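Below is one structure, written out as structure tokens; comments come after it.
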Amino acid sequence: MNCIATNILTPIANGDIIYIPKCYITISAGKIFAVSETAPQVECLDKTDCLCIPGLIDSHVHLSQLYIRGKYAPDLMQWLHKHTFPAEGMSRDAKFSEQIAQDFYQQSLAKGTTTSVVYTSPYPAACETAFKVAEAAGVRSIIGMTMMDRNCPDYLKQETAASIRASCELWDKWHDKGLLDYIFSPRFAITCSAELLEETGNLVKSLTARLQSHLSENTFEIEQVLDLFPGNSSYTALYEKYGLLGNRSIMGHGIHLARQEIECLRATDTGIAFCPDSNFFLKSGRFKWNEIEESGIRVGLGSDVGAGTDLSMLKMMKFADYILDKSTFTPAKAFYHGTLGNAVLLGLESKIGSLEAGKEADLVFLQHDEFFKTAVDSEDILSLLIYLNQEIKIESTWIQGKELYNKAKSGGNNEVS
Ligand code: GUN
Ligand code: ZN
């Protein structure tokens, strides 16, 4: 049994956020055994100068886009063609795909992310490499090979049958393997034929597999989808027809959804990854927070790197709050949706997302003088966490009770920014 003396801020099962100063986290076999205010009869690691929060979760991120963060284009389609597709093409090279996966997981840990839902690129070998790197790093990651069989450069285009076959082989190998899982990843309707979408939909149903895609991010994208698939009443109706919706599906963005589409996502229990930084960057539009929240759809927060400019989920919480200026969004909701809300989105809420007895010990220790100098209550702590995150240092990041990143040992000076 290990013990850490610290101060915690965590969401709890009923959705509240609690702050417990001067408490003790005991860890046994990688799980939180107890969080208590009385010292246990074991020696404790002293982290009383830190704030401990649950490992952060990124529910939508593109590993192969890590190096193109911040590369401007006026909108989604221009950005895909100018920066993204060429960048993804680089992952054909085995050395490159290993280096970018190493950088991705090390940088994610340095930003406090312990669980990520990842698109790689349309190359099975690059996806396999990402799994091996994630496994060696000891991180929790749900990874998919990006599927596309049309409307993209030839060096990215897959044969439909080959795309399906490779996805199935990767699923066979990596589904539910330790901290890893496979997620079928048809990119979006523009780059996927009807056959690819339909076969993928059939597969995820028969395998009860996870699926991720992009939906309703940009108005031009939506028009193009409805032109490519005439006779469908909406983008969401198209995905429903091909069996892509369901409680293991996560749709990125969902910005321009009509009322009926929101109802359809709710009825099928499909989740949405809200990616505020990316939405700012590509000027895609404003997420309809109030309507989505009211509908009861499960929502999480994603960085969407590389259209998102940073892997920091604390930064995403701030961006979410800023982009949703006229809404019922709050710092507490921002924190919830980057932790426990994201765990609910992934169906992993019994394991991760909060610091409660029985959960796996995925922990982030944060240092910021103001936490203990100027904050008088949990609301202050929470708002410093969200709004001053650029000044906060990630002291260490732990998964299953094991320290995988430590700022002092890495020699890093990693402010969250
Ligand atoms: N839609 C299809 N592909 C992508 C992508 O890589 N990033 C974003 N933001 N949207 C997409
Ligand atoms: Zn994306």
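The values are calculated or read from the model by the stated rules, or taken from the named source; none is laboratory data. Computed from a predicted structure; not experimentally measured. All Cβ positions, glycine included, derive from the backbone under ideal geometry; neighbour counts span all protein chains shown. Side chains included, ligands, DNA and RNA excluded: accessible areas come from the protein's heavy atoms. Shrake-Rupley method; radii C 1.70, N 1.55, O 1.52, S 1.80 Å.
Summary table below
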quantity	calculated
THR236 being of a type outside the set (A, V, I, L, M), away from ligand 2 (no atom under 16 Å from the Cβ) and open to solvent by less than 10 Å² (accessible area, probe 1.4 Å)	yes
Sole exception among (1) over 30 Å from PRO54 (Cα atoms); (2) touching a residue at least 40 places away in the same chain (Cβ under 8 Å) for ALA162, by number	(2)
Residues located in the range 160-200, provided they are acidic (Asp, Glu) and over 24 Å from GLN65 (Cα atoms)	ASP172, ASP176, GLU195, GLU198, GLU199
Residues of the range 290-309 classified as buried (at least 19 other Cβ atoms within 10 Å of the Cβ) and on the phi < 0 side of the Ramachandran plot, total	12
Qualifying residues in the range 138-170 (those that are open to solvent by 20 Å² or more (accessible area, probe 1.4 Å) and of a type in the set (Gly, Ala, Ser)) - the one farthest from GLY30 (Cα to Cα)	ALA161
Filtered residue count, the range 265-289, keeping only those that are without any contact (Cβ under 8 Å) to a residue 40 or more places away in the chain, within 16 Å of ligand 1 (Cβ to nearest atom) and open to solvent by 40 Å² or more (accessible area, probe 1.4 Å)	1
Near pairs, Cβ below 7 angstrom, 6+ apart or cross-chain, from the range 204-233 (among the basic types (Lys, Arg)) to any residue that is within 16 Å of ligand 1 (Cβ to nearest atom)	ARG210/ILE183; ARG210/PHE184
Among the residues listed as ILE255, ILE262, the single one being open to solvent by less than 10 Å² (accessible area, probe 1.4 Å), of a type in the set (Val, Ile, Thr), under 24 Å from ASP75 (Cβ atoms) and within 16 Å of ligand 1 (Cβ to nearest atom)	ILE255
Some residue of the range 5-21 being out of contact with any helix residue (DSSP H, G or I) (no Cβ under 9 Å at 6 or more places or on another chain), open to solvent by 30 Å² or more (accessible area, probe 1.4 Å) and touching a residue at least 60 places away in the same chain (Cβ under 8 Å)	no
Condition broken by THR115, with the remaining ones in (1) away from ligand 1 (no atom under 16 Å from the Cβ); (2) without any contact (Cβ under 8 Å) to a residue 12 or more places away in the chain satisfied	(2)
Of all residues in the range 171-203 being surrounded by 23 or more Cβ atoms within 10 Å (Cβ to Cβ) and hydrophobic (A, V, I, L, M, F, W, C), the one that is farthest from ligand 2 (Cβ to nearest atom)	TRP174
Conditions (1) away from ligand 1 (no atom under 16 Å from the Cβ); (2) free of Cβ contacts under 8 Å to residues at least 60 places away in the same chain; (3) open to solvent by 10 Å² or more (accessible area, probe 1.4 Å); number of the one not met by LYS315	(2)
